[in-house]
């Protein structure tokens, strides 16, 4: 299996927001299947994420992969009303947390939300005070990688 051609995480996020399941899974449950720990040499992983919201809930989707066929795909339903920007940050933090938990040291992030990318790079300031805790947590997590880059991928 090669690198995924196109992952439409937005579709997963919309689907989760529109059709919430009856089952509840806490976020601390282990990811089903085996997840390989990242090796110490310069093994770069790529993360794509997306979040979406409706008036009552939201959803997030995250995909982490590297060239040698290692893929981690996650999707979660958010059980609280939130803005699209909040859902994007929830997805971002979920992806960063997962990457750190599996031992990723070198991460490249591709995201379609220009707002999150520009705030991560420091070229946009935060205007919504509700996003301050998200940004602060993301910055602390970004610093834990040996190399980290984020770019806008429309």
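Any read-out appearing in this document is the output of simple, stated calculations on the displayed coordinates, not a laboratory observation. Remember, predicted model here, so these are calculated numbers, not experimental data. All Cβ positions, even for glycine, are placed from backbone atoms using ideal geometry, and neighbour counts span all protein chains on display.
Couple of notes before you dig in:
- A straight line joining the Cα centroids of region 52-81 and region 125-154 runs 17 Å.
- Packing rank of 77-89, 124-136, 48-60, where each peptide gets the mean count of other beta carbons within 10 Å, highest leading: 48-60, 77-89, 124-136
- Where a label projected 7 Å from the Cα of residue 46 along Cα→Cβ would reach, residues of region 76-108 with amide N under 11 Å: 108
- Efficiency of FRET between residue 130 and residue 102 - r from beta-carbon atoms, R0 25 angstrom, step 0.05: 0.30
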